[in-house]
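Note sheet for the following structure.
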Amino acid sequence: MKKILLASALLSTSAFANLHLSPPDFDSSYGRAVFVDFKTAQYDITYDVLSEITTVKSKITFEAKTQGKPLFDLVPNPDLIKLDGQKIKQHMISFPGGVSKLRQLSSDVAPGMHTLEIENIIDTNVTYNSNFGNVSSAFWIRDLKDRLFLEQYIPSNFEYDQYQMTFNVSVEGVDEANQEFFTNGKLTKLSPVKWKIEFPEYFTVSCPFYHMSPTGLLKRLDFSYTSISGREIPMTVYSPYKRRTNKFKPEAIRVMTELEKDYGPWAHPSFVAYGTWRGAGGMEHSGATATSFGALDHEMLHSYFAKGVMPANGNSGWIDEAIASWRDKGYQRNPTTGFMGSNLGGQSVYKRNTDKRAYALGNAFMAYLDYRLQDMGGLKAFLRGYFQTYKHQVITEQHFKNNLEFFSGLNLDEEFNTYIWGQNVGNDHLLEESPHHSELSKEQLQSIL
Ligand SMILES: [Zn+2]
């Protein structure tokens, strides 16, 4: 028994060493820039209701495989950085080809384990209510534009990496904080002003859902759902209005039932949905979403594809939008894609965001794949097996293609080389924007705190 346990423990550790999925290391003007493997990240987040300043002290343990200056990202300027206890600097740099910005440490590391400490201020999506001494704060994320994952708030790695994150949240300047939390992590209250939230090990930088609000401001319903696996899944729906919250509950249950039937048991510890306004679209997290009512089903599908099986990079981001759109449009089957070619997933290896054409072109490609796979039970049969085999893992589009070919016995080189990694030909009419991921302004994101 012990031996078996040890073997599975080793297996699970290696499953999250994802450095082979990172883009290639490169040379910046400051020296060799190396991607690293975050192991754990502890974020001490302090809300000072007197000064109305939010600070984060982060402690990250990471492994470097090669000598060089490590890469990470953080949108706010870091105030203090220590590498293995020594104060150092960092530089804002660009990826090759200028596809995105990021940060590079100023000192080399040798291969092995290291500790990075960083301090910064959060001033995005946080509001202090000085009359009542309370705070609203959320780590909203977006995936259609660059640098809008957790790096907006806290020092983070890139999507290929999975690491255990812990948020230690304190509210200073009050004896008792009247705060309430909505999260897909494990919440523990440590004192009247301190909480700990632990997120699962399989999470990436786009998985955590974190929303802190004044107690009672938002109307919540907590209930449980019996999964087809027999597990009781805690579910929370909430919104500013009781009526809206009440409307979300039966819809969440309906969609959960449909998805479990199609793809298998829910793969996350819980489910939480924040109901925003009509037309707002939504954003998916792992077993969580902030969404309009109309996009709830689309975002819940993403707990299977996007945040159950997770894309390693921007080029692979089309897969889950393609699947979600294919479901939105009623799982159509078509003998042709209806477009001549695209580079949907064939852009820079450093690209971090999902191509907006993923909805329309991706849906068309999935409908065509379903046609090609009709003798093997169709695309849904493949997706069910793919999800069950690779849930909680980070995948690439090459991995998706290899598995499709293995499942079907087909060679799909030409299809991928034309429609996904080819030239953009004759598809202007398919460039529609998804109603499920509307672009919200900074003010709109702030308004739903
Ligand atoms: Zn989507």
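What follows is calculated from the coordinates using simple rules that are stated; it is not laboratory data. What you are looking at is a predicted structure, and each value in this text was computed from that prediction instead of being measured. Don't worry about glycine lacking a Cβ; one is built from the backbone with ideal geometry, like all the others, and counts go over all protein chains shown.
Results, tabulated for the structure shown:
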| read-out | value |
| --- | --- |
| Where labels lie 7 Å past Cα in the beta-carbon direction, separation of Ile88 and Asp27 in nm | 2.0 nm |
| Relative contact order (percent, whole number), the chain, Cα cutoff 8 Å, 6+ residue spacing | 13 percent |
| Sequence of Asp297, Asp44, Asp175 once ranked by neighbouring C-beta atoms within 10 Å, starting from the fewest | Asp175, Asp44, Asp297 |
| Taking the convex hull of Cα positions in region 167-248, its mean projected area over all directions (nm²) | 6.9 nm² |
| Per-pair calculated FRET efficiency, R0 = 41 Å: Arg220 and Glu119 via Cβ, rounded to 0.05 | 0.80 |
| Spherically averaged projected area of region 170-316 from its Cα convex hull (nm²) | 9.7 nm² |
| The chain - mean residue ellipticity at 222 nm from DSSP helices (-39,500 (n - 2.57) per run, n ≥ 4, rounded to 500) | -7000 deg cm²/dmol |
| Calculated FRET value between Leu190 and Asn131, using beta carbons and R₀ = 25 Å, to 0.05 | 0.40 |
| Share, in percent, of DSSP beta bridges within the chain that are antiparallel, nearest 5 | 75 percent |
| Amide N proximity, region 51-76 versus Leu19 label position 7 Å along Cα-to-Cβ, cut-off under 15 Å | 61-72 |
| Computed E for Asp375/Lys145 - FRET, C-beta separation, R0 35 angstrom, nearest 0.05 | 0.30 |
| Within-12-Å neighbourhood charge of Gln398 [Cβ basis; K, R +1; D, E -1] | -2 |
| Distant-in-sequence amide H partners of Gly185 (H built 1.01 Å from N, under 5 Å) | Phe209 |
| Spin-label pair Tyr241/Ser441, simplified geometry with 7 Å Cα→Cβ offset, distance in nm | 2.2 nm |
| Interchain or long-range residues, amide H under 5 Å from Asn134's placed H | Asn129 |
| Neighbour cut-off at most 16 other Cβ (10 Å), DSSP loop, trypsin sites (Lys or Arg not before Pro), region 193-262 | Arg231 |
| Radius of gyration and maximum dimension Dmax of the chain, Cα, Å | 21.9, 66 |
| Highest-MSF residue in the chain out of Ala381, Ala290, Ala358 [GNM, Cα springs under 10 Å] | Ala381 |
